[in-house]
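Structure, as structure tokens:
Each value in this text was obtained by applying a stated rule to the coordinates, not by laboratory testing. What you see is a predicted model; the values in this text were computed from it and never measured. Cβ coordinates were reconstructed from backbone atoms using ideal geometry, including for glycine residues, and neighbour counts include every protein chain displayed.
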Amino acid sequence: MQELTTIQEMKDWSRAVRSGNSRLGFVPTMGFLHDGHLSLVRHSLKKCDKTVVSIFVNPIQFGPNEDLDNYPINLKQDKKLLADMGVDAVFVPQKDELVPQDLSTFVEVKNITEHLCGKSRPELFRGVATIVLKLFHIVQPDLAVFGEKDRQQLEVIRKMVLDLSLDIEVAGLPITRESDGIAQSSRNTYLNPEERISARSLVQALESGRSLIQNGETSAGIIKNQMRSVIKSQAGTQIDYISVCDPKHFGEINQIKSSVMLALAVHIGKARLIDNCLVEKSPCKEPC
Ligand code: AMP
């Protein structure tokens, strides 16, 4: 596996790959890789001739009181995992080169970023879109793979690609979960054993919301109350948001008439965890 650290090395490698007419797949990550990341990598390996994975803890997507300084890193293990899978190149940019002190150009995707994580973390999507666009320019992939765990981020990238007429296919892959249902996340490492038990309440809340909808409940208020009580029943949980929203634009929905997204963000100890699911409306029992 090629290890690339400068922008020029990455560009040269990509140019050489593309000049051979190979289809190039790209998986951007912040490292501390788990099976969720690896499922994206597997998809790229399957769909493309060559795959490059980036590992970069993007400083400009973190707010002032967030976990940038504590974000987990294990570069050696990440590289081994990727090499063992047959990844062709890993790109580990240097912070000062990718994000110079005087960076003055930013990408803002409006509207869909006003909700959910964009509302509680105002820096997040501007930071993500700016760095992902830079990475797209440097890597020049044919396919870029993201996870539905960060469904709002996935839609932000799709919108950016559409609005800026980028020639990149974007794939979104399902959430991978631990055996107890918790969505896999690099941030799960912050949880102690008690907090880990509390963290199960996220997927339990989603499941209880889903089951209400599938049993015919159409009031988002009732669904959110039920989800809230599942989270609150666990020690040490602090809800950031619970949402029943449109799965593409993320605006809140009051009355469920078609498919919706259930989403939530919860602080547990040092971790802020997110999870989501899509739910089809149950078929009408009476003519509708
Ligand atoms: P991160 O390293 O957290 O920035 O994540 C890098 C990519 O992996 C993003 O596209 C995430 O959505 C995706 N990802 C993270 N966790 C999961 C998961 N449990 N299942 C699927 N994709 C994931």
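Brief remarks follow.
- Exposure proxy ranking, count of Cβ atoms within 10 Å, fewest first, for Leu45, Leu103: Leu103, Leu45
- Relative contact order, percent, the chain [alpha-carbon distance under 8 Å, six or more residues apart]: 17 percent
- Computed magnitude of the charge dipole of the chain (debye, nearest 20; Cβ of K, R +1, Cβ of D, E -1): 440 debye
- Vicinal HN-Hα couplings computed from phi for segment 137-145 (Karplus, 6.51 cos²θ - 1.76 cosθ + 1.60; Hz; Gly/Pro x): 5, 6, 7, 6, x, 8, 10, 10, 10
- Candidates Lys76, Lys149, Lys46: whichever shows maximal mean-square fluctuation once the chain is modelled as a Gaussian network with Cα springs under 10 Å: Lys76
- Cross-link partners of Lys79 among lysines (Cα-Cα below 27 Å; sequence separation of 8 or more within a chain): Lys11, Lys46, Lys47, Lys50, Lys95, Lys134, Lys149, Lys270
- Remark: segment 58-67, residue by residue, has Karplus-estimated 3J(HN,Hα) of 6, x, 7, 9, 9, x, x, 9, 9, 9 Hz, where x stands for each Gly or Pro and the curve is 6.51 cos²θ - 1.76 cosθ + 1.60 at θ = phi - 60°.
- C-alpha center-to-center spacing [segment 1-53, segment 184-232] in angstrom: 34 Å
- Per-q log10 I(q)/I(0), segment 12-116, q = 0.11 Å⁻¹ (Debye; single scatterer per alpha-carbon; no solvent): -0.44
- Order of Met160, Met30 under a 10 Å beta carbon neighbour criterion, fewest first: Met30, Met160
- Cα centroid of segment 148-175 to Cα centroid of segment 65-113, whole Å: 17 Å
- Summed over all non-identical Cα pairs, the Kirkwood treatment of segment 102-165 gives a radius of 12.2 Å.
- Projected label distance in nm at Gln2 and Lys80, using a 7 Å step from Cα toward the beta-carbon: 2.5 nm
- DSSP-defined antiparallel bridges as percent of all bridges, the chain, nearest 5: 50 percent
- Cut-off under 5 Å, modelled amide H: who pairs with Ser282 long-range: Gly216
- Förster radius 41 Å - calculated FRET efficiency between Glu97 and Thr218 (Cβ-Cβ, nearest 0.05): 0.20
- Spin-label model distance (nm) - Ser120 vs Lys257, 7 Å beyond Cα toward Cβ: 2.9 nm
- Taking θ as phi - 60° and the Karplus parameters 6.51, -1.76 and 1.60, the scalar couplings of segment 175-192 work out to 5, 9, 10, 6, 4, 8, x, 5, 5, 5, 7, 4, 6, 4, 5, 6, 7, 7 Hz in sequence order, x denoting glycine and proline.
- Segment 136-223: projected area of the alpha-carbon convex hull, averaged over directions, in nm²: 8.6 nm²
- Taking other C-beta atoms within 10 angstrom as a stand-in for reagent exposure, Thr6, Thr113, Thr105 fall in the order Thr105, Thr6, Thr113, fewest first.
- Cα-Cα P(r), segment 1-69, percent of pairs per 10 Å interval: 18, 42, 30, 9, 1
- Isotropically averaged projected area of the chain, using the convex hull of Cα atoms (one quarter of hull area), nm²: 16.1 nm²
- Comparing Asn254, Asn188, Asn276 in a Gaussian network model of the chain, where Cα atoms under 10 Å apart are tied by springs, the biggest mean-square fluctuation is seen for Asn254.
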